[in-house]
Amino acid sequence: MNATVVGGGLAGCEAAWALAERGVEVTLYEMRPRVSTPAHHTDRLAEIVCSNTFKSLELVNAHGLLKAELRLLDSLLMDVAESARVPGGAALTVDREVFSAEVTRRVEGHPKIAVVREEVAALPSPGVVATGPLTSDGLARVIAARLGVEALAFYDAIAPIVSDESLDHAALFRASRYGKGEGDDFLNAPLSRDGYEAFLDALLEADQYAGHEFDAIPYFEGCLPIEEMARRGRDTLRFGPLKPVGLPDPRTGRQAHAVVQLRREDRAGQMWNLVGFQTRLRIPEQQRVFALIPGLERAEFYRYGSIHRNTYLNSPAALTPHLSLRDDERLIFAGQLVGVEGYTESLATGLLAGRNLARMLQGEAPVVPPRETMLGALMQYVHGADPGHFQPMNANFGLLPPLERPERDKREKRARLAERALAAMREFAAS
Ligand SMILES: Cc1cc2nc3c(=O)[nH]c(=O)nc-3n(C[C@H](O)[C@H](O)[C@H](O)COP(=O)(O)OP(=O)(O)OC[C@H]3O[C@@H](n4cnc5c(N)ncnc54)[C@H](O)[C@@H]3O)c2cc1C
């Protein structure tokens with residue numbers, strides 16, 4: 001049995017390892033050092049390009065839960081991360097040199113993996129494509145040609161998502177503009193003239209993330225950062241994403257000066273997306289400025305807004321539940337390319353891609369962990385989200401189905417969700 005993995009990053013190394021450990025002969029293609037990306041600096045496999053932390057290890061943190069699940073699935077990179085650990089409190093922080101050197105040593109030393117340093121410009125089958133947010137132009141063109149140009153994005157423009165339970169619902173009202181669509185699809189935060197002006201001042205003064213040089217993005221009119229829109233004039237937002245027309249407040253019967261809309265992000269209504277709030281504000285500034293919106297004073301962010309250069313697929317529109325092509329289930333995509341965000345999320349989808357390809361090569365059907373697990377929920381989101389609004393997603397508790405018996409205490413609720421997730425993942429891993 002043979003398979004090809006393209007991309008020796010976090011996801012590709014996990015995929016190659018999972019395949020090789022199941023007896024598959026793997027050729028792993030990595031284009032560095034012959035061709036590099038604007039973010040990588042070395043020729044090592046699994047180079048971590050920015051922060052040296054895999055985030056929290058605590059089970060009441062979504063990233064901590066995902067890591068615990070990955071350990072149940074024998075993740076190579078979690079094992080190496082432990083051995084490369086440096087003090088980082090509750091977070092799994094690593095010495096990046098030690099980490100990628102050790103991944104390179106183990107992957108290159110595996111008797112069933114051959115590492116080839118070459119840029120690939122074709123889609124392999126059977127294979128895993130995990131070329132990341134900075135996929136080379138040649139391969140991106142091939143992907144776009146195979147999946148359709150509209151299935152591939154080169155920039156993300158992410159609006160924040162807040163948790164339902166952190167909102168002050170008394171300050172919000174449910175309605176769709178002009179009563180169209182389901183009345184339950186939107187929450188609306190009405191702003192008075194003074195409230196709008198104060199919000200605008202705070203937005204205009206807020207500190208924003210400068211980004212990497214290669215991140216300098218030619219903004220598209222359809223998805224300008226909210227702070228950029230605000231800079232164009234004091235009424236621009238009121239005639240743009242914060243327009244109040246067609247949204248009279250049912251409690252007063254009157255139209256507010258401006259309205260912030262929150263769009264339902266999941267069926268259970270646990271996550272709400274701030275419509276039009278794609279932003280480059282720094283995270284503490286997002287917390288401070290968006291808390292000025294009525295009803296969001298204590299908002300808990302499941303995902304922060306951002307805008308990056310990022311190559312990713314519209315997976316809900318283009319891929320199957322195990323993230324393969326629809327017309328070739330042995331060609332699986334993984335890593336940031338499928339629309340997950342973050343180191344741990346990327347390697348997790350790589351691990352699953354490797355396991356699934358090995359299963360299929362052995363005549364078995366691909367499987368996805370149950371939705372109660374963080375990895376299963378992330379896979380479900382990436383495959384099942386609304387293709388019309390798809391933006392990359394990180395691990396968070398809002399992705400998990402609600403508990404059968406609701407729990408008001410946040411920490412206790414997360415502890416129970418984590419317990420349920422790990423029980424489901426143990427069963428999945430054993431089967
Ligand atoms: C600048 C930047 C900073 C980031 N910072 C963080 C952070 O601090 N924390 C965090 O959690 N996430 C961060 N991310 C997001 C993301 O988690 C990482 O990019 C992560 O490395 C993604 O894993 P991956 O395996 O999908 O891609 P990568 O780790 O990028 O691996 C893809 C590999 O494919 C290779 N490749 C590309 N095209 C080809 C080709 N045609 N042929 C052969 N090889 C190819 C690349 O050289 C690369 O080695 C950052 C992303 C970027 C771009």
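With respect to the numbered conditions (1) crowded, with 24+ Cβ neighbours inside 10 Å; (2) closer than 22 Å to Arg416 by Cβ, which one is the sole condition not fulfilled by Arg371?
(1)
Ala170 fails exactly one of the following numbered conditions: (1) exposed (fewer than 14 other Cβ atoms within 10 Å of the Cβ); (2) within 27 Å of the chain's Cα centre (by Cα). What is the number of that condition?
Every condition holds for Ala170 apart from (2).
What number of residues in the stretch 36-63 are part of a helix (DSSP H, G or I) and either away from the ligand (no atom under 14 Å from the Cβ) or open to solvent by 20 Å² or more (accessible area, probe 1.4 Å) (or both)?
Final tally of qualifying residues: 1.
Could you list all residues from the stretch 123-139 that are more than 9 Å from the ligand (Cβ to nearest atom) and over 17 Å from Gly339 (Cα atoms)?
Leu123, Pro124, Ser125, Pro126, Gly127
Only residues in the stretch 249-268 that are under 14 Å from Ala175 (Cα atoms) count as the first member; pair them with residues that are crowded, with 22+ Cβ neighbours inside 10 Å and charged (D, E, K, R), Cβ under 8 angstrom, at least 6 apart or cross-chain, and list the lot.
none
Does Ala153 qualify as being surrounded by fewer than 14 Cβ atoms within 10 Å (Cβ to Cβ) and among the aliphatic types (A, V, I, L, M)?
no
What are the pairs, 6+ residues apart or on separate chains, where a residue within the stretch 404-431 that is closer than 27 Å to Ala365 by Cα has its Cβ under 7 Å from a residue that is open to solvent by 30 Å² or more (accessible area, probe 1.4 Å)?
Within 7 Å, the pairs are Arg420/Glu372; Ala421/Glu372; Ala424/Pro370; Ala424/Glu372; Met425/Leu72; Arg426/Leu72; Phe428/Pro370; Ala429/Leu72.
Which of the residues belonging to the stretch 318-355 are of a type in the set (Gly, Ala, Ser) and either part of a helix (DSSP H, G or I) or over 16 Å from the mean Cα position of the chain (by Cα) (or both)?
Ala318, Ser324, Gly335, Ser346, Ala348, Gly350, Ala353, Gly354
Only one of Ala189, Ala256 is in contact with a Leu (Cβ under 9 Å, 6 or more places away or on another chain), outside the structural domain of Arg371 (by TED's automatic domain parsing), part of a loop (DSSP other than H, G, I, E, B) and open to solvent by less than 50 Å² (accessible area, probe 1.4 Å); which?
Testing whether each residue is in contact with a Leu (Cβ under 9 Å, 6 or more places away or on another chain), outside the structural domain of Arg371 (by TED's automatic domain parsing), part of a loop (DSSP other than H, G, I, E, B) and open to solvent by less than 50 Å² (accessible area, probe 1.4 Å) leaves just Ala256.
Can you name the condition, by its number, that Ile293 falls short on among (1) in a loop (DSSP other than H, G, I, E, B); (2) hydrophobic (A, V, I, L, M, F, W, C); (3) open to solvent by 10 Å² or more (accessible area, probe 1.4 Å)?
(3)
Quick one: is Gly339 of a type in the set (Gly, Ala, Ser), touching a Ser or Thr at 6+ places or on another chain (Cβ under 6 Å) and within 15 Å of the ligand (Cβ to nearest atom)?
It is true that Gly339 is of a type in the set (Gly, Ala, Ser), touching a Ser or Thr at 6+ places or on another chain (Cβ under 6 Å) and within 15 Å of the ligand (Cβ to nearest atom).
Under 6 Å between Cβ atoms, at least 6 apart or on separate chains: pull out the pairs that start in the stretch 120-134 with a residue that is on the phi < 0 side of the Ramachandran plot and small (Gly, Ala, Ser) and end on any residue that is part of a loop (DSSP other than H, G, I, E, B) and near the ligand (Cβ under 6 Å from one of its atoms).
Ala130/Gly7
Might you let me know whether the stretch 359-366 holds any residue that is within 16 Å of the ligand (Cβ to nearest atom) and surrounded by fewer than 24 Cβ atoms within 10 Å (Cβ to Cβ)?
So far as the stretch 359-366 goes, no, none of its residues is within 16 Å of the ligand (Cβ to nearest atom) and surrounded by fewer than 24 Cβ atoms within 10 Å (Cβ to Cβ).
For the stretch 81-162, give me every one of the strands (runs of 3 or more DSSP E) that falls completely inside it and has 2 or more residues that are under 25 Å from Ala216 (Cβ atoms).
Strands (runs of 3 or more DSSP E) meeting the threshold: 152-158.
Take the residues in the stretch 311-336 that are within 23 Å of Ala216 (Cβ to Cβ) and crowded, with 24+ Cβ neighbours inside 10 Å; name whichever of them is nearest to the ligand (Cβ to nearest atom).
Gln336
Would you confirm whether or not the stretch 296-305 contains a residue that is surrounded by fewer than 19 Cβ atoms within 10 Å (Cβ to Cβ), basic (Lys, Arg) and either part of a loop (DSSP other than H, G, I, E, B) or at pLDDT 95 or above (or both)?
yes
Which is crowded, with 18+ Cβ neighbours inside 10 Å, assigned by TED's automatic domain parsing to the domain that holds Leu357 and within 16 Å of the ligand (Cβ to nearest atom), of Val86, Val80?
Within the list Val86, Val80, the selection yields Val80.
The values are calculated or read from the model by the stated rules, or taken from the named source; none is laboratory data. What you are looking at is a predicted structure, and each value in this text was computed from that prediction instead of being measured. Glycine gets a Cβ as well: all are built from the backbone with ideal geometry, and neighbour counts include every protein chain shown. The accessibility values were calculated without ligands, DNA or RNA, using every heavy atom of the protein model including side chains. Shrake-Rupley method; radii C 1.70, N 1.55, O 1.52, S 1.80 Å.
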